[in-house]
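Notes to accompany the following structure.
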Amino acid sequence: MARQENRTKVRQSLQTRLAIGYAAIIAALLILLNTYPLITTQNLMFRSQQTALYNQAALVINSLTTADGLTPETVEQAIAPLEDLEVRRMLVTDEAGLVLYDTGEPSGVGKYALTREVVSALRGNDAFASEYREGVFSSRAASPVMTRNTVVGAVCLYEDDSSQGVLLGELQHNLRLVSLVVCLAVLILFAGFSRALARRVNHLLSGIRRVREGEYTHRISLEGQDELGQLADEFNQLTGRIQTTEEARRRFVSDAAHELKTPLASIRLLTDSILQDENIDRDTALEFVGDIGDATDRLIRISQELLTLNRLDEGRTAVREPVEVNGEVEKICRLLAPLAEEAQVTLETDLGADCVVVCSREDVDQILRNLMENAIKYNLPRGSVTVTTARTEDRIRLTVADTGVGIPREEMDRIFERFYRVDKARSRAAGGTGLGLSIVRDSVRHYGGQISVAPREEQGTVFTVELPAWKEENP
């Protein structure tokens, strides 16, 4: 029910925003479509009327300039040949604005015509005015009648044009019809587009919710190469990484629980043996207590290594400082000398000059101890471990080579996985937890270094570590 409500909210929100946006755009386009053509056409018709009336007024003025003065008789006599003029009304005044001739009904002869157009014409200017109302263009034009550069009267023509009004009305009707068709087409297209978009978004949201609920194997399938399709591809890649991380986490928890279970079970078994045997002798009890101590040490070591891995995962490291690698190699050799002597393994070093790295002393010791201790434990009697350091420009190269049992090539890519062991039985017997090489790899990478493993030409394995070299300009 909640999921359905969320879908409805998303759909309504998305569709509402799209509807508002499209409505605003379409409204602006329709307003422009229904105003600009009409205004342009109307202005063209006004100019057409203006030109026609001015031309006819010029004919009347030419006729009046041949008359001897402007009187009602001379004006009527001069205009008589112009009866075919296509105007609704013709009005002629003297220089004072007194009407001398008027074809309108009722006639204005003998009265003063002081309209704006006539006054402007008596001042020596042409004047025109027009308006469109109820499908009819009503226009009027006035021009001065001049003799020897002196205004002696004015001619004012009136015209009503319904034919052009009909054309303008038809244009307006057609534009409205086009607007209606455009609106219907846009509504249909918008409905289909918004439904398709909302369906794709809801499909994407549904997949996200399924992954959020823990179904990391789910993948979103969206056709197309648009932004939503690319978003689905990116989400699938992210989900794949989450799935890989989750599987690694579960495997890590399972392996950690298994590793912790073994020493805990040993401690439980030994303590039960001591408690249940009332007649246990002192030597046996001491032996059991010693075994309990060994199991406890193993638990402590596993816990410490898990804490180290957690610190590296969170990006927390000790203070970076210049660490002289050769000195640390010699120190670890002294610490591991008893272990090497017991395993009948010879420790050898080949140390280069100026081998100072950017790291923490704690992490350098951890890297060296893990690599060298593994090389001793998994070596053969009368074997050797050779530690080499060298500087190459801005890198310090450290190699740990042994003459041991070696690592199968097909398993070299997995030896850095947490809790992974090539030989599980021998690893547990040697006290290994399967975390040492993981700690080495994560530590090296954290400081911007690299680690690799390869088989020796004769027998054994070579681990190569490269770390940034310390420079004077390093902070």
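How much accessible surface area, in Å² rounded to 10, belongs to the heavy atoms of S163 with a 1.4 Å probe?
70 Å²
Output the relative contact order of the chain, whole-number percent, from Cα pairs under 8 angstrom with separation of 6+ residues.
9 percent
If R₀ is 56 angstrom, what is the calculated FRET efficiency for the pair I274 and T16, using the beta carbon separation as r and rounding to 0.05?
0.15
Per-residue ellipticity at 222 nm for the chain, helices alone: DSSP H runs ≥ 4 residues times -39500 (n - 2.57), over residue total, nearest 500 deg cm²/dmol?
That calculation yields -19500 deg cm²/dmol at 222 nm.
Suppose R0 equals 56 Å. What FRET efficiency, 1/(1 + (r/R0)^6) with r the Cβ-Cβ distance, do R219 and T35 give to the nearest 0.05?
Approximately 0.60, to the nearest 0.05.
Could you pull out the longest piece of the chain with no exposed loop trypsin sites (Lys or Arg not before Pro) in it, calling a site exposed if DSSP puts it outside H, G, I, E, B and it has at most 10 other Cβ atoms within 10 Å?
The reported range is 149-315.
Please check the chain for the longest run free of GluC sites (Glu not before Pro) that are loop-located per DSSP (anything but H, G, I, E, B) and have at most 13 other Cβ atoms within 10 Å.
1-82
How long, wide and thick is the stretch 98-185, going by the Cα atoms along their three principal axes, in whole angstroms, largest first?
Principal extents (Cα only, largest first): 65, 29, 17 Å.
Figure the gain on full extension for L351 and R320 (residue separation times 0.36 nm, minus the Cα-Cα span) and round it to one decimal in nm.
The L351-R320 span can extend by a further 8.9 nm.
What list of ³J(HN,Hα) couplings, whole Hz, do you get for the stretch 332-345 from phi and the Karplus terms 6.51, -1.76, 1.60, once you set θ to phi - 60° and write x for glycine and proline?
Residue by residue, the stretch 332-345 yields 5, 4, 5, 5, 8, 4, x, 5, 5, 5, 5, 8, 6, 10 Hz.
Specify the angular offset, from 0 to 90 degrees and rounded to the nearest 10, of the alpha carbon long axis of helix 227-276 from the longest principal axis of the alpha carbons in the chain.
20 degrees
Sorting D291, D161 by accessible area (1.4 Å probe), largest first, what list results?
D291, D161
Once the convex hull of the alpha carbons of the chain is built, what does its volume come to per residue, in cubic angstrom?
Cα convex hull per residue, to the nearest whole number: 334 Å³.
Sorted by accessible area with a 1.4 angstrom probe, largest first, how do H446, H203, H173, H218 fall?
Result, largest first: H173, H203, H446, H218.
Ignoring ligands and nucleic acids, what accessible area does L59 show with a 1.4 Å probe (Å², nearest 10)?
L59 exposes around 90 Å² with every protein chain in place.
Quick check: the angle from helix 162-212's long axis to the longest principal axis of the chain, C-alpha only, nearest 10 degrees?
10 degrees
Enter the angle in degrees (range 0 to 90, nearest 10) between the Cα long axis of helix 436-446 and the first principal axis of the Cα atoms of the chain, meaning the one along which they spread out most.
Once rounded, one gets 40 degrees.
The values are calculated or read from the model by the stated rules, or taken from the named source; none is laboratory data. The structure displayed is predicted, hence computed values, not measured ones. Quick reminder, even Gly has a Cβ in these numbers, built from the backbone with ideal geometry, and neighbours come from all protein chains shown. Note: accessible area is taken over every heavy atom of the protein model, side chains too, but ligands, DNA and RNA are not part of it. Shrake-Rupley method; radii C 1.70, N 1.55, O 1.52, S 1.80 Å.
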